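Notes for the one structure printed next.
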Amino acid sequence: MITSVLVANRGEIACRVFRTCHELGIHTVAVHSDADEGARHTRLADSCVRLPGATPAETYLRADLLVKAALDAGADAVHPGYGFLSENADFARAVTDAGLTWIGPPPEAIEAMASKTRAKELMGITSLTSVTADDLPVLVKAAAGGGGRGMRVVRHLDDLDGELTAARAEARSAFGDDEVFIEPYVEGGRHVEVQLLADAHGTVWVLGTRDCSLQRRHQKVIEEAPAPGLSPGLTASLYEMAERAARVTGYTGAGTVEFLVADGRAHFLEMNTRLQVEHPVTEAVFGVDLVAFQIKVAEGGPLEPAPPAPCGHAVEARLYAEDPAAGWAPQTGTLHRLDVPGVRLDTGYTDGDPVGVHYDAMLAKAVAHAPTRAEAVRRLAGALERAAVHGPVTNRDLLVRSLRHPEFAGGHLDTGFYERHLDALTEPAADPYAPLAAALADAHGRSRFGGFRNLPSQPQTKRYRTEPDGTEHEVRYHHTRTGPAADGVQVVRADPGLVVLEVGGVRRKFDIARYGDRVYVNGTALTALPRFPDPTARIEPGSLLAPMPGTVVRIADGLAEGDRVEPGQPLLWLEAMKMEHKITAPSAGTLTSLPVRTGQQVEVGTLLAVVTD
């Protein structure tokens, strides 16, 4: 029997595994990098071990340190979570060679499927060895790992070498393996996967399908179970191929087989030999705890001959600290508050935690379950709309709009959803009364007597900027004997934390939260601006500023100050949250300044380059 589990991971998945372990009465051990000291997963664990590392990202890739930590802490089992070394056969062997129980599939099964190139060979599929213009578009893909890292769509042959280089660098950073391969890119397909659970006694459970088609940068954003709209014949085919993948590898534990579905046919993509990020939707539909079953299988326990019957529909949305309208740029800062009412919330954060630059941008997963798909989608959209997410800019509004989009609501899904609809889904839509509510709450909090004067006076004026679109607002209000007043609006109540306005006979409540100069009014984020802007503030034309904190990982080959550049020409690459972000020339001109160097850490707003027209 397993008595103590070390989770060789961090963040949300470590917290998720700890929750089940505590319910089972199993001692838990966390590991952490220096950047993660004090993170939520270290606080939830019964004990924790610091992992030394050259960089925070590399820390969780040291198999020797992870095994030593398990032994030092007295753990008798290791759960790998997802990402990092979760699909590394050498790590699995190192764990078992140390006399510990590996909560995952056998190393041989991992080797058979962890490399996407070898997995395709096993399933009778070959990758492209050379590319011509007739083969385009193609997909460059990391052979190891997952999560969309090390993946690039190439539509122009001239871009192939650069995208291969970028994919290798990203894969090396995320997985410690820079092997990539090339396959045809299928336009307009759906990403459908099948959840498996197998024991060491020959039983394989097929736990339904999931649709994960809504993706950005090849990373999933919204997932659901079961996948809607599949014919019985196609579903049966998916089940058969998934079960065959498990049986030919001698698989045990939880695993997922992924497919691209197009024109009524299923194309095998890969098998993830680990627990998936989106596993909660399957848990909700089948009423199971997949982590508990992973532990049971690792202990040698048998599964029942058949899985539980599915019930209802579940939808999951990933809440990311990112700005979708700015190329999905990751965001950092303090997460002051995170509250999503009425649904399951899996997260690695608590209020007040910092969101750093070193790891994935996902803050939480919100999951809704209901008897029907329409009810589950409505419940999740409503919960996210009412959520309090105070801190870095997030994709919360995008999630709500995506869930309510007619295509998604109708079950018309494919991986090109955001390519078609991103602009419309990210149009600014701040509440027009939010700035006034913020001003009234601020005025009450600053003045004990409300600022009333016997003589008529000029209106009070305050300025705010809506985040993240940058729209500026100026609001005016008066102080009266009965409290503040504004034209066209009846102020029913104005407290620091709550403002009630009556507009056209309808009363509306505005919850107010303030953190320094940032004000949150219901779902709208505002920055309070000085009454008189600084007339000396000026940015040199053509300046390229860092859109996020990160590391300069590459500068374009041979690029130097004085060079002529063209619009869209890559100048340098920033790495943030384990993803590379290309910085390009905004227009034709001369590169008059390139003040950064490879390896340099930069903050938001750091000058990266200047292109003079």
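The values are calculated or read from the model by the stated rules, or taken from the named source; none is laboratory data. This one's a predicted model, so the numbers in the text were calculated from it and none came from an experiment. Using ideal geometry, Cβ is built from the backbone for each residue, glycine included, and neighbour counts are taken over all protein chains shown.
Considering only residues that are out of contact with any Gly (no Cβ under 6 Å at 6 or more places or on another chain) and part of a loop (DSSP other than H, G, I, E, B), look in segment 9-26 and name the one that is surrounded by the most Cβ atoms within 10 Å (Cβ to Cβ).
R10
For segment 188-198, does any single residue satisfy the condition of being modelled with pLDDT of 95 or more, among the acidic types (D, E) and either assigned to a loop (DSSP other than H, G, I, E, B) or crowded, with 23+ Cβ neighbours inside 10 Å (or both)?
Quick first cut of segment 188-198, residues modelled with pLDDT of 95 or more only: 190-198.
Now drop any that are not among the acidic types (D, E), which leaves 193.
So of that shortlist, the ones also either assigned to a loop (DSSP other than H, G, I, E, B) or crowded, with 23+ Cβ neighbours inside 10 Å (or both) come out as 193.
Within segment 188-198, one or more residues are modelled with pLDDT of 95 or more, among the acidic types (D, E) and either assigned to a loop (DSSP other than H, G, I, E, B) or crowded, with 23+ Cβ neighbours inside 10 Å (or both).
Please state which one of V180, V186 is farther than 19 Å from D360 by Cβ and in contact with a helix residue (DSSP H, G or I) (Cβ under 8 Å, 6 or more places away or on another chain).
Working: V186 fails: in contact with a helix residue (DSSP H, G or I) (Cβ under 8 Å, 6 or more places away or on another chain).
Only one candidate passes the filter, namely V180.
Condition test on V257, is it buried (at least 24 other Cβ atoms within 10 Å of the Cβ), within 25 Å of E108 (Cα to Cα) and not assigned by TED's automatic domain parsing to the domain that holds T551?
Numbers: buried (at least 24 other Cβ atoms within 10 Å of the Cβ): yes; within 25 Å of E108 (Cα to Cα): yes; not assigned by TED's automatic domain parsing to the domain that holds T551: yes.
It is true that V257 is buried (at least 24 other Cβ atoms within 10 Å of the Cβ), within 25 Å of E108 (Cα to Cα) and not assigned by TED's automatic domain parsing to the domain that holds T551.
Out of all the residues in segment 99-107, is one or more over 23 Å from G176 (Cβ atoms) and surrounded by fewer than 18 Cβ atoms within 10 Å (Cβ to Cβ)?
The first filter runs over segment 99-107 and keeps only residues over 23 Å from G176 (Cβ atoms), leaving 99, 101.
Subset that is surrounded by fewer than 18 Cβ atoms within 10 Å (Cβ to Cβ): 99.
Taking every residue of segment 99-107 in turn, at least one turns out to be over 23 Å from G176 (Cβ atoms) and surrounded by fewer than 18 Cβ atoms within 10 Å (Cβ to Cβ).
Take segment 293-308 and flag every residue that is out of contact with any helix residue (DSSP H, G or I) (no Cβ under 8 Å at 6 or more places or on another chain) and not β-branched (V, I, T).
Step one: list which residues in segment 293-308 are out of contact with any helix residue (DSSP H, G or I) (no Cβ under 8 Å at 6 or more places or on another chain), which gives 293-294, 296-302, 304-306.
Hits for segment 293-308 are F293, Q294, K296, A298, E299, G300, G301, P302, E304, P305, A306.
Scan segment 132-175 for residues that are assigned to a loop (DSSP other than H, G, I, E, B) and buried (at least 17 other Cβ atoms within 10 Å of the Cβ) and jot them down.
Within segment 132-175, the subset assigned to a loop (DSSP other than H, G, I, E, B) is 132, 136-137, 143-150, 155-156.
Scanning segment 132-175 gives A143, A144, G145, G146, G147, G148, R149, G150.
Whether any residue in segment 17-26 is over 20 Å from G74 (Cα atoms) and either hydrophobic (A, V, I, L, M, F, W, C) or assigned by TED's automatic domain parsing to the domain that holds V67 (or both) is what I want to check. It would help to see each step written out before you state the result.
Of segment 17-26, the ones over 20 Å from G74 (Cα atoms) are none.
Scanning segment 17-26 turns up no residue that is over 20 Å from G74 (Cα atoms) and either hydrophobic (A, V, I, L, M, F, W, C) or assigned by TED's automatic domain parsing to the domain that holds V67 (or both).
If we keep just the residues of segment 199-211 that are touching a residue at least 40 places away in the same chain (Cβ under 8 Å) and more than 25 Å from T415 (Cα to Cα), which is surrounded by the most Cβ atoms within 10 Å (Cβ to Cβ)?
From segment 199-211, those touching a residue at least 40 places away in the same chain (Cβ under 8 Å) are 199-201, 203-208, 210-211; that's our starting set.
Within this subset, residues satisfying the condition of being more than 25 Å from T415 (Cα to Cα) are 199-201, 203-205.
Working: D199: 20, A200: 16, H201: 11, T203: 16, V204: 19, W205: 22.
Among those that are touching a residue at least 40 places away in the same chain (Cβ under 8 Å) and more than 25 Å from T415 (Cα to Cα), it is W205.
One residue is enough: does segment 129-139 have a residue meeting the conditions closer than 29 Å to D64 by Cβ and without any contact (Cβ under 8 Å) to a residue 60 or more places away in the chain?
Restricting attention to segment 129-139, the residues satisfying the condition of being closer than 29 Å to D64 by Cβ are none.
Checking segment 129-139: not a single residue is closer than 29 Å to D64 by Cβ and without any contact (Cβ under 8 Å) to a residue 60 or more places away in the chain.
Looking only at segment 568-588, which residues are touching a Gly at 6+ places or on another chain (Cβ under 9 Å) and on the phi > 0 side of the Ramachandran plot?
Once the filter is applied, which keeps residues that are touching a Gly at 6+ places or on another chain (Cβ under 9 Å) and on the phi > 0 side of the Ramachandran plot, segment 568-588 yields M577, K578.
Just checking, which of L338, L290, L345, L363 is in contact with a helix residue (DSSP H, G or I) (Cβ under 8 Å, 6 or more places away or on another chain), among the aliphatic types (A, V, I, L, M) and buried (at least 16 other Cβ atoms within 10 Å of the Cβ)? Break it down stepwise before answering.
Numbers: L338 fails: in contact with a helix residue (DSSP H, G or I) (Cβ under 8 Å, 6 or more places away or on another chain); L345 fails: in contact with a helix residue (DSSP H, G or I) (Cβ under 8 Å, 6 or more places away or on another chain); L363 fails: in contact with a helix residue (DSSP H, G or I) (Cβ under 8 Å, 6 or more places away or on another chain).
Result of the check over L338, L290, L345, L363: L290.
Can you name the strands (runs of 3 or more DSSP E) wholly within segment 472-533 that have at least 1 residues being surrounded by fewer than 17 Cβ atoms within 10 Å (Cβ to Cβ)?
Working: elements: 472-480, 483-485, 490-494, 498-503, 506-515, 518-521, 524-529.
In segment 472-533, 472-480, 483-485, 490-494, 498-503, 506-515, 524-529 are the strands (runs of 3 or more DSSP E) which contain 1 or more residues that are surrounded by fewer than 17 Cβ atoms within 10 Å (Cβ to Cβ).
Can you list residue pairs whose Cβ atoms sit under 6 Å apart, with the first residue in segment 80-95 being in contact (Cβ under 8 Å) with a residue 60 or more places away in the chain and the second being basic (K, R)? Count only pairs 6 or more apart in sequence or on different chains.
Sorted first by the residue in segment 80-95, then by its partner, the pairs are Y82/R274; S86/R274; E87/R274.
Yes or no, residue by residue, for (1) surrounded by fewer than 22 Cβ atoms within 10 Å (Cβ to Cβ); (2) over 22 Å from H473 (Cβ atoms); (3) in contact with a Gly (Cβ under 6 Å, 6 or more places away or on another chain):
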residue: N395; (1), (2), (3): no, yes, no
residue: R404; (1), (2), (3): yes, yes, no
residue: E407; (1), (2), (3): yes, yes, no
residue: R420; (1), (2), (3): yes, yes, no
residue: A424; (1), (2), (3): yes, yes, no
residue: E427; (1), (2), (3): yes, no, no
residue: P432; (1), (2), (3): yes, no, no
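Counting only residues that are of a type in the set (V, I, T) and modelled with pLDDT of 95 or more, which one in segment 326-342 is farthest from K582 (Cα to Cα)? Quick ask: steps written out before the conclusion?
Filtering segment 326-342 for residues of a type in the set (V, I, T) gives 332, 334, 340.
Still in the running and modelled with pLDDT of 95 or more: 334, 340.
Values: T334: 25, V340: 33 Å.
That would be V340.
Pairs needed: first member in segment 180-193, on the phi > 0 side of the Ramachandran plot; second member anywhere, assigned to a strand (DSSP E or B) and among the hydrophobic types (A, V, I, L, M, F, W, C); C-beta distance under 8 Å; at least 6 residues apart or different chains.
Cβ pairs passing all conditions: G188/A262.
Let me confirm something: among P595, P586, P567, which residue is over 29 Å from the mean Cα position of the chain (by Cα), within 23 Å of R217 (Cα to Cα), part of a loop (DSSP other than H, G, I, E, B) and not acidic (D, E)? Even if it seems obvious, please write down each step before you answer.
Details: P595 fails: within 23 Å of R217 (Cα to Cα); P586 fails: over 29 Å from the mean Cα position of the chain (by Cα).
Answer to the selection: P567.
Just to be sure, is G300 surrounded by fewer than 20 Cβ atoms within 10 Å (Cβ to Cβ), modelled with pLDDT under 95 and either closer than 18 Å to M577 by Cβ or not charged (D, E, K, R) (or both)? Walk me through how you get there before you give the answer.
Working: surrounded by fewer than 20 Cβ atoms within 10 Å (Cβ to Cβ): yes; modelled with pLDDT under 95: no; either closer than 18 Å to M577 by Cβ or not charged (D, E, K, R) (or both): yes.
Here the answer is no, as G300 does not meet what is asked.
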